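Below: one structure, written as C-alpha cells.
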Amino acid sequence: MSHEDPFALPYAVKVIANPYPHTIPDAEFHLLIDSIAQRLRDQIYTDYTALEPGHPHKLKRSSLGLCVMDPTLPRSTPAQDAVMALITIGLEGEDLLVNGVGKAVTHWELGQDCGIGAYVHLHRLRDGSFVYGHSAELDGTIVGASGATEQQDRSMATQFAAEFNSCVADARKRWRLANPVHKWYCNQDEPDQRFTKIAGWLQS
C-alpha cells in the first residue's frame, strides 16, 4: 500500500503477516499498522522541517525505513518468516529499508539490540551484517529503523513498538467486549490445535 500526500511525506506500508486474524481482522490490522505509520510520518515531517538546527530532535533527513517483527512467534522461527511489516517514509525510505531490516533481523537472531553487536560483540556479526546500531524491543515487539542518528532511530523504533503494542491491546479488549463468553482468542472459541494435540497425549 503506497500513499502520496502533497502536504507531507510519501510513505508505504507492506503488511507481511497478521498474527491476529480472528480478533483483529485483516482490514482492521492493516489500518492499525497504517495509522501508526502515518503518525510517525507526520512526526518526522515536523521534526525535520520545523525544528531549528541544533535541536536534539532535529532530523538529518526526512526519511526512515522500518522493519517490524512478529511478537507472537518463538525466537526459533527463521527471521525471514518472522517479519510482520515493512514501512518506508520519505523519498529515501526505500533505500534505507534494508538497514532497518538488518537491524531487526540481527536483533531477532541474536536476542539483543543490534547496537551491542555493532559496538561490543563484533565477533557475533557475520559478514554482511550492518555495522551501525540500534534496534529496539519493547515487551517482545522488535523494530529496526534507519534514517536518523542512531539514538533517534532507536527512539522512533521504540515509539512504533509502544504504539503497536497499545493498539493491539485496545483491539483485543474490544474483541473481548464483543465476545464476553469466549475462553479462547478465536472466533470459534476453540484452543489452538497444538494445545488440543498436546492434551490428547493423555489418551495415547
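Laboratory data are not the source of any read-out in this text; all were calculated from the coordinates shown. On a predicted model such as this, the values are computed, not experimentally measured, just so you know. Cβ atoms come from the backbone with ideal geometry, glycine included; neighbour counts cover every protein chain shown.
Points worth noting:
- In the chain, helical runs assigned H by DSSP with n ≥ 4 each contribute -39500 (n - 2.57); averaged across all residues and rounded to the nearest 500, the mean residue ellipticity at 222 nm is -14000 deg cm²/dmol.
- Zone of Y185's modelled label, taken as backbone nitrogen in region 143-169 under 17 Å from a point 7 Å along Cα→Cβ: 161-169
- Sparse-neighbourhood loop sites, trypsin sites (Lys or Arg not before Pro) in region 110-204 - DSSP loop, at most 12 other Cβ within 10 angstrom: R126, K183
- Shape call, the chain: gyration tensor on alpha carbons, a/c limit 1.5: oblate
- Shape of region 102-204 from the C-alpha gyration tensor: oblate (a/c of 1.5 or more and a/b not above b/c, with a ≥ b ≥ c the square roots of its eigenvalues).
- Rough spin-label spacing in nm, given labels placed 7 Å along Cα→Cβ, for L31 and T72: 1.9 nm
- Cα-based reach from K173 at 29 Å (exclusive), listing lysines while leaving out same-chain residues under 8 positions away: K14, K183, K197
- Using C-alpha pairs under 8 Å with a sequence gap of at least 6, the mean separation divided by the residue count of the chain gives a relative contact order of 20 percent.
- Using alpha-carbon coordinates, inclination of helix 93-110 to the longest axis of the chain, degrees: 50 degrees
- Mean Cβ neighbour count within 10 Å, used as a protection proxy, ranking 135-146, 28-39, 102-113 highest first: 135-146, 102-113, 28-39
- Among beta bridges that DSSP assigns inside the chain, antiparallel share in %, nearest 5: 100 percent
- Distance (nanometres) between label positions extended 7 Å along Cα→Cβ at A17 and H57: 3.5 nm
- Classified by the C-alpha gyration tensor, region 110-150 has an oblate form. Its axis ratio a/c, with a ≥ b ≥ c, is 1.5 or above, and a/b does not exceed b/c.
- For the chain, the longest principal axis of the alpha carbon atoms and the long axis of helix 150-178 meet at an angle near 30°.
- Kirkwood-type radius of region 23-126, with distances r between different C-alpha atoms, in Å: 15.5 Å
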